[in-house]
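What follows is calculated from the coordinates using simple rules that are stated; it is not laboratory data. Here the structure is a predicted model, which is why all the values come from computation and not from measurement. So basically every Cβ, Gly included, is an ideal-geometry build from the backbone, and we count neighbours across all protein chains shown.
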Amino acid sequence: MFHPQLDSFPTDFLWGSASAAYQVEGAWDADGKGPSVWDNFVKIPGTTFKSSNGQVAVDHYHRYQEDVALMAEQGLKAYRFSIAWSRIFPTGKGEINQVGLEFYSNLIDELLKHDIEPIVTIYHWDLPQALQDEYQGWESRQIIEDFTTYAKLLFDTYGDRVKYWVSLNEQNVFIMHGYMMGTHPPAVRDPKRMYAANHIANLANASVIKAFREGGYSGKIGPSFAFAPAYPLDCRPENILAYENISDMSAHFWMDVYAFGRYPRIMLKNLEKMGLLPEITESDLALLKEGKPDFMGLNYYQTMTVANNPLDGVGMSGEANYTGEKGSTQESGMPGLFKMVENPYLERTNWDWTIDHQGLRVALRRIASRYDLPVLITENGLGEFDTLETDGTVHDQGRIDYLQHHCLAIQEAISDGVEVMGYCTWSFTDLLSWLNGYQKRYGFVYVDRDETSEKELTRYKKDSFYWYQEVINSNGQSL
Ligand code: BG6
């Protein structure tokens, strides 16, 4: 739809930014924190770019006051961060680490002191290693209870101050990478185990949302989903079918469960035929129905374009680009279902991610139309190389252009009728990009470190810092 006059952003729009514990905190074994699966995974040679890890990360654990002061200077209305489960329960359950609880309490107070709304992610991939060792983490139903106990402790401790909760961050990513591609812990490559772990993660997600409702906590809760809307390459019916396949497999398979409490039937039939269907009981289905979210959290970075892939076509084995060497991504797909192809109309980043602001409007529209839920954009941003000039400036015009177009796409979606609660850019400071090291930067604030040296970890405001400051200050009028 074309809008000669765009609607304004709502006055309570949450202009925010985001991070995740493992990517910013560092202090990986400080003050009683237990190890997470990521602490161990990064020690395996060849798992991350230049063996980078989050042991120190950008030292947010010790510098959170400095970072929050920068957020306040920028005028952020909201800050999304995650809690490291093993900082709270060093072994995932049982004894509580009070110092860990206190750290996040202080962070929340610091944010509120500056009128910044905390948005808390309960799980952003750093599973306590002890739970992996004891019962294989997401592959055991025991995790449902432990995850719920952990979440309830957070609701009880911080619920008086936190109004927005994200249950699981990108279940589709940590499950696919962890159990299908083997590129995240626990580095399994087994579709049957992947679908089984995914079902258990769905149950854990629903259980936490149910506990939130039953506990009568005030506020809103929902999962964050990594949604890369699909486009068919063209109108060839075979390519349209490939698009239908990828939509069911990569989007509806997760979001339908969150919003409707059921799996798409085409997926159920296919998984059954392939012998990959997990055990799904009647009580599972009842729980899924009780776990409906207040909003859909949307992590949007790019769209994907697909085409027909014959039965003897390309498989999933293609190497991804974790080096920033443009064009190094290899072809991938699922024989008989779809393959990823280049979209001739879109530019790509140095990591081969398509740059597509209209895709954000499409994502918002698809969520609103299919699920009729408000959307909280919990991540969006540009990961690129940045250069720190000798005078301490960073001219990241590419990031400004990227964010500007995406913000306008949000405004168009709002004008279309989508209820968008807020927008968290990824990320506030530069941080560790899980598999891509420190050179793939996302922040408004440059942190002076790289893969080989932590240097002084000094913070420098990039040009985009001031640009977003003005956007917030004008509630989007300056766009
Ligand atoms: C999302 C994650 O997948 O995308 C973030 O929630 C991550 O944790 C972000 O950093 C960007 O991905 P990457 O691989 O470029 O770090």
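For this structure, a couple of remarks:
- Alpha-carbon spread of segment 394-479, three principal axes, descending order, Å: 47, 25, 20
- Per-q log10 I(q)/I(0), segment 1-99, q = 0.14, 0.16 Å⁻¹ (Debye; single scatterer per alpha-carbon; no solvent): -0.68, -0.80
- Peptides 267-280, 92-105, 442-455 ranked from most to least packed, by the mean per-residue count of other Cβ atoms within 10 Å: 442-455, 92-105, 267-280.
- Computed from the alpha carbon positions, the gyration tensor of segment 327-441 leads to an equivalent ellipsoid with semi-axes of 26, 22, 13 Å, biggest first.
- Within the chain, helices built from complete DSSP H runs that reach 24 Å or longer along their own axis (Cα positions) and carry a mean Kyte-Doolittle hydropathy of 0.0 or higher are 142-158.
- For segment 80-219, convex hull of alpha carbons as volume per residue, Å³: 96 Å³
- Between the alpha-carbon centres of segment 19-40 and segment 225-298 there is a gap of 32 Å.
- Proximity of backbone amide H atoms, modeled 1.01 Å from N, is registered between Gly315 and Gly333 at under 5 Å, excluding neighbours fewer than 5 places apart on the same chain.
- Dimensions (Å) - the chain, Cα atoms, principal axes, largest first: 57, 55, 45
- Environment charge at Leu233 (Cβ cut-off 11 Å; Lys +1, Arg +1, Asp -1, Glu -1): -1
- Equivalent ellipsoid dimensions for segment 241-305 as semi-axes, Å, which come from the Cα gyration tensor, largest first: 21, 19, 8
- Cα-centred dipole magnitude for segment 384-479, charges only on beta-carbon of K, R (+1) and D, E (-1), debye, nearest 20: 160 debye
- Averaging the sequence gap over all C-alpha pairs within less than 8 Å and six or more residues apart, then dividing by the number of residues, gives the chain a relative contact order of 17 percent.
- A helix-only calculation puts the chain at -11500 deg cm²/dmol for mean residue ellipticity at 222 nm, using -39500 (n - 2.57) for each DSSP H run of at least four residues, averaged over all residues.
- Ranked by how many other beta carbons lie within 10 Å on average, peptides 383-391, 456-464 from highest: 456-464, 383-391
- Put simply, the amide H of Tyr231, placed in the peptide plane, has neighbours under 5 Å in Met304, Thr305, Val306, leaving out anything fewer than 5 places away on its chain.
- Packing rank of 290-300, 31-41, where each peptide gets the mean count of other beta carbons within 10 Å, highest leading: 290-300, 31-41
- Karplus (6.51, -1.76, 1.60) ³J(HN,Hα), θ = phi - 60°, over segment 306-312, in Hz, Gly and Pro reported as x: 10, 9, 4, 9, x, 4, 9
- With θ taken as phi - 60° and the Karplus curve 6.51 cos²θ - 1.76 cosθ + 1.60 applied, the whole-hertz 3J(HN,Hα) list for segment 19-26 is 7, 9, 3, 5, 7, 10, 5, x Hz, x standing for glycine and proline.
- Relative contact order [Cα under 8 Å, 6+ residues apart], segment 12-158, whole percent: 30 percent
- Bridges between two residues of the chain, per DSSP, are antiparallel at a rate of about 25%.
- Dipole orientation for the chain: of the candidates Ala242, Tyr123, Ile410, Ala242 has the Cα lying most toward the positive pole (charges on Cβ; Lys, Arg +1; Asp, Glu -1).
- Amide H contacts for Leu168 (H built 1.01 Å from N in the peptide plane; partners 5 or more residues away or on another chain; cut-off under 5 Å): Ser224.
- Mean shadow area of segment 265-400, taken as a quarter of the surface of its Cα convex hull (nm²): 12.3 nm²
- Calculated P(r) of segment 151-212 - Cα pairs past 20 Å, %: 38 percent
- Spread of Cα-to-Cα distances over 5 Å intervals beginning at zero, given as percent, for segment 149-264: 2, 11, 17, 18, 17, 14, 10, 6, 3, 2, 1
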